[in-house]
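Note sheet for the following structure.
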């Protein structure tokens, strides 16, 4: 029950991404309107719209169709429904001024072997700062689907935000989403086997981004990769993988970032890397054969790993690279329970000249054949190890720098 409440608390902040807009509720201004309905095999539809307000709706009800939408204007809307073996391409560019101008792409694919490709760019002037500037939604139901969404930015960095959501229900699915600059939301939900998800926020653009959120939920087996990369400040990345044989990697470079991986399954692997100040990394694994590695570089960082299963390995490395008048909360805690052959290694290092920089490390191991090694280099270090079981080994090395 506690685990269910915990997962719900993580999912609720991204529920706004799941509620997608209805096509009939879109604010259409009526300058350019295109509606296409296709029934049959081998049909192609290409829509090119240039104007102030563009609207395109394409519905194909049988297999083998290829649909392409290219919209250039201030406000662009595109809705596409495809069934069986279809491919979709949507390109939207805002290059004219209109207050509150936005781009919206919504692709719904019901069937097998579908592909979706979306590119959104905002080159307009002064969009509404309280309105999402670029929105992209992809819903895929079936096997062998692939989805790619690329968003932003505008040259002046004035976007009110970017939203990208991909929901895949089926096997062998892939999803890739990339967003640039500030106030972005990226969500990937994969329900099936062999899924792969990658989200990158402000990676290939000069300058840092802030207030970006990335969320991945995988509820199937044999998911080999879930990667989220963020560059900037006050970002958070959450990956929940509830299947076997899963792997997750999250990288954050900046300050005040949060990275969390929850894997309630077997054979899982999680690696989290944070570079910056005031970052938090957490990992929860409740299955067998799990491995978790967390590396933090900077000041005021906190890392924690909890493993409930057999054969788990946890490694945490923290480094305080500068001097400070504060007491940075560099704390690394690993809890491993209910299994054999667990290994926990924590390394904390301080490179400052101020002796008021304490490190804290704690390990609790409940099982047989466990190994724990804690090395701390800095001032006022505290280490605590509790091992309950047979064949355990613990090594603690602390070097204190006196004030």
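Observations on the model:
- Once the C-beta distance of residue 399 and residue 210 is scaled by a Förster radius of 35 Å, the resulting FRET efficiency is 0.40 to the nearest 0.05.
- Distance-filtered residues of region 283-316 - backbone nitrogen under 13 Å, label point 7 angstrom along residue 386 Cα→Cβ: none
- Ordered by the number of other Cβ atoms lying within 10 Å of each residue's own Cβ, fewest first, 72, 400 fall into the sequence 400, 72.
- Likely footprinting exposure, 319, 210, fewest C-beta neighbours within 10 Å first: 210, 319
- Annotation: extensible slack from residue 34 through residue 368 equals 113.5 nm (criterion: 0.36 nm per residue apart, minus Cα-Cα distance).
- Inter-label distance, nm, simple model (7 Å from Cα along the C-beta direction), residue 61/residue 123: 3.9
- Of the residues 267, 185, the one with the fewest other Cβ atoms within 10 Å heads the list, and the complete ranking is 267, 185.
Each value in this text was obtained by applying a stated rule to the coordinates, not by laboratory testing. Just so you know, these numbers come straight off a predicted model, no measurement behind them. For neighbour counting, all protein chains shown are included, and Cβ atoms are generated from backbone atoms with ideal geometry for every residue, glycine included.
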